[in-house]
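Everything on this sheet refers to the single structure shown next.
The values are calculated or read from the model by the stated rules, or taken from the named source; none is laboratory data. Just so we're clear, the structure is a prediction, and the values are computed from it rather than from any experiment. Methodologically, a virtual Cβ is constructed for each residue, glycine included, from the backbone with ideal geometry; neighbour enumeration extends over all protein chains shown.
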Amino acid sequence: RPLRVGVIGVGTMGTDHADRLATRISGAELVAVADADSARAAEVAARYPGVRAIANPLDLIADDAVEAVLIASPGFAHEEQVLACLAHGKYTLCEKPLTMDSASALRLVEVERDKAGRPLVQVGFMRRFDPEYAELRRLLDDGELGRLLLVHNIHRNKTSPAWFRDSAAIVNDSLVHEVDVCRWLFGAEIETVTLLTPTPSGRAPEGLRDPQVAIFQMAGGGVATTEVFVNSQVGYEVRCEAVAELGSATIGLGQEMLVRRDNAYGGRIPDDYRERFARAYDIEVQEWARACRRGVVAGPTTWDGYAASAVCEAGVASLGTGQPVRVELADRAEILRP
Ligand code: ISE
């Protein structure tokens, strides 16, 4: 019997997830959707036979017909919804950010440990499931390139969404992906964050320090740099170069096919993350559904969501000054001790 999934929040990302659950993910089926805009929920539900629109997200979570929940509502709604999922003992895939600040994210880590008594929540850091990132991680784990020394990231969006009104949004919503990628590639926490901001692009909305350059000092001695530029005007570009003792590897060059015509050559640059990371999202949701069936959480955990938000808080604190800010992280061994 397939895993019966309900999706909360059917905006850009939730609609994408609802569609993959309804049409592409094996061993799972979409049974219900909920959205703060109930007309929107009804419209998305109507696309798929047998899918119900439920007005209140908390009712969807409580519904007996829903075994597992995918949360794609705006970040400010996550805390209450994840708490409800934990109270009902339901497996949850929660889009990033886990919550809006590290204190509330840490509370979720604790509630999951104390009330649910077992891991139930996966956080939507989908890059870990992207075939290129996964290949890079395997290469580094093989050890053939020696120890990882440096990571250089580039993260560009064509334009930023209207709700990106201040520079912190770039840290919390965009840079947060590199926060997770660096923790995952190095297998270490981030100790200090420095955010440098050149004179903003004339194309960036008023008040947005765009682009930004982040420097992460990793526990264990690694260093990572990231350029985030969310009004590049070009398209969606995410690249990562890992530099190790015996060589380096780069992903995200997007050079699958180069076409030569009209005195020019080139390939396509995707418009946004739904296209660039389509495979990553498919694999993420497929593996999540499989793990729910096995009764485990196999992807990024509430701890990963918490650590990322603690790093972003330090990043936002560094934005104004350009000075390094230390990340204050709870003691993992202490917190996760059964
Ligand atoms: C968006 O929310 C994402 O998660 C994308 O991956 C990122 O590139 C974009 O900047 C964010 O707004």
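Against the criterion of being touching a Pro at 6+ places or on another chain (Cβ under 8 Å) and hydrophobic (A, V, I, L, M, F, W, C), residue 46 does not qualify. Any residue at all in region 283-301 that is outside any helix (DSSP H, G or I), at pLDDT 95 or above and within 16 Å of the ligand (Cβ to nearest atom)? Within region 283-301 (the criterion being outside any helix (DSSP H, G or I), at pLDDT 95 or above and within 16 Å of the ligand (Cβ to nearest atom)), the answer is yes, since at least one residue qualifies. Could you list, in sequence order, the residues of region 100-153 that are touching a strand residue (DSSP E or B) at 6+ places or on another chain (Cβ under 7 Å) and among the polar types (S, T, N, Q)? Result: 122, 153. The criterion of being more than 18 Å from residue 274 (Cα to Cα), assigned by TED's automatic domain parsing to the domain that holds residue 248, of a type outside the set (A, V, I, L, M) and touching a residue at least 60 places away in the same chain (Cβ under 8 Å) does not hold for residue 132. If I go through region 59-83 residue by residue, how many of them are of a type outside the set (S, T, N, Q) and within 22 Å of residue 308 (Cβ to Cβ)? Here the count works out to 13.
Note on region 129-163: residues that are in a loop (DSSP other than H, G, I, E, B) and touching a Cys at 6+ places or on another chain (Cβ under 8 Å) total 0.
Yes/no matrix, rows are residues, columns are (1) more than 21 Å from the chain's Cα centre (by Cα); (2) closer than 19 Å to residue 158 by Cα:
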residue	(1), (2)
203	yes, yes
221	yes, no
227	no, yes
231	no, yes
235	no, yes
238	no, yes
241	no, no
245	yes, no
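Of everything in region 260-278 that's under 24 Å from residue 159 (Cβ atoms) and in a loop (DSSP other than H, G, I, E, B), which residue is farthest from the ligand (Cβ to nearest atom)? Filtering region 260-278 for residues that are under 24 Å from residue 159 (Cβ atoms) and in a loop (DSSP other than H, G, I, E, B), the one farthest from the ligand (Cβ to nearest atom) comes out as 267. Among the residues in region 119-129, are any away from the ligand (no atom under 16 Å from the Cβ) and closer than 23 Å to residue 312 by Cβ? Yes, the conditions are met somewhere in region 119-129. For region 290-338, a residue qualifies if it is closer than 13 Å to residue 91 by Cα, in contact with a helix residue (DSSP H, G or I) (Cβ under 8 Å, 6 or more places away or on another chain) and aliphatic (A, V, I, L, M), and the qualifying residues are 297, 298. Count of region 91-111 residues, restricted to those that are touching a Leu at 6+ places or on another chain (Cβ under 6 Å) and part of a helix (DSSP H, G or I), is 2. Pairing each residue of region 81-100 that is touching a residue at least 12 places away in the same chain (Cβ under 8 Å) and under 21 Å from residue 180 (Cβ atoms) with any residue that is acidic (Asp, Glu) and surrounded by fewer than 21 Cβ atoms within 10 Å (Cβ to Cβ), provided the two are 6+ apart or on different chains, yields C-beta distances under 9 Å for 91/67; 96/173; 97/173; 98/79; 99/79; 100/79. Taking the listed residues 264, 244, 291, 330, the one that is touching a strand residue (DSSP E or B) at 6+ places or on another chain (Cβ under 8 Å), in the same structural domain as residue 200 (by TED's automatic domain parsing) and surrounded by fewer than 22 Cβ atoms within 10 Å (Cβ to Cβ) is 244, with no other qualifying.
In region 131-146, is there at least one residue being surrounded by 15 or more Cβ atoms within 10 Å (Cβ to Cβ), of a type outside the set (D, E, K, R), within 13 Å of the ligand (Cβ to nearest atom) and farther than 27 Å from residue 255 by Cα? Give the derivation first.
Step one: filter region 131-146 for residues surrounded by 15 or more Cβ atoms within 10 Å (Cβ to Cβ), giving 132-134, 136-137, 139-140, 145.
Subsequent filtering for residues that are of a type outside the set (D, E, K, R) retains 133-134, 136, 139-140, 145.
Checking the rest, the ones that are also within 13 Å of the ligand (Cβ to nearest atom) come to 133.
If we keep only those that are farther than 27 Å from residue 255 by Cα as well, we get none.
No; the residues of region 131-146 include none that is surrounded by 15 or more Cβ atoms within 10 Å (Cβ to Cβ), of a type outside the set (D, E, K, R), within 13 Å of the ligand (Cβ to nearest atom) and farther than 27 Å from residue 255 by Cα.
For region 173-202, name all the residues that are in contact (Cβ under 8 Å) with a residue 40 or more places away in the chain, under 19 Å from residue 322 (Cβ atoms), surrounded by fewer than 23 Cβ atoms within 10 Å (Cβ to Cβ) and not hydroxyl-bearing (Ser, Thr, Tyr). Answer for region 173-202, where residues must be in contact (Cβ under 8 Å) with a residue 40 or more places away in the chain, under 19 Å from residue 322 (Cβ atoms), surrounded by fewer than 23 Cβ atoms within 10 Å (Cβ to Cβ) and not hydroxyl-bearing (Ser, Thr, Tyr): 191, 196.
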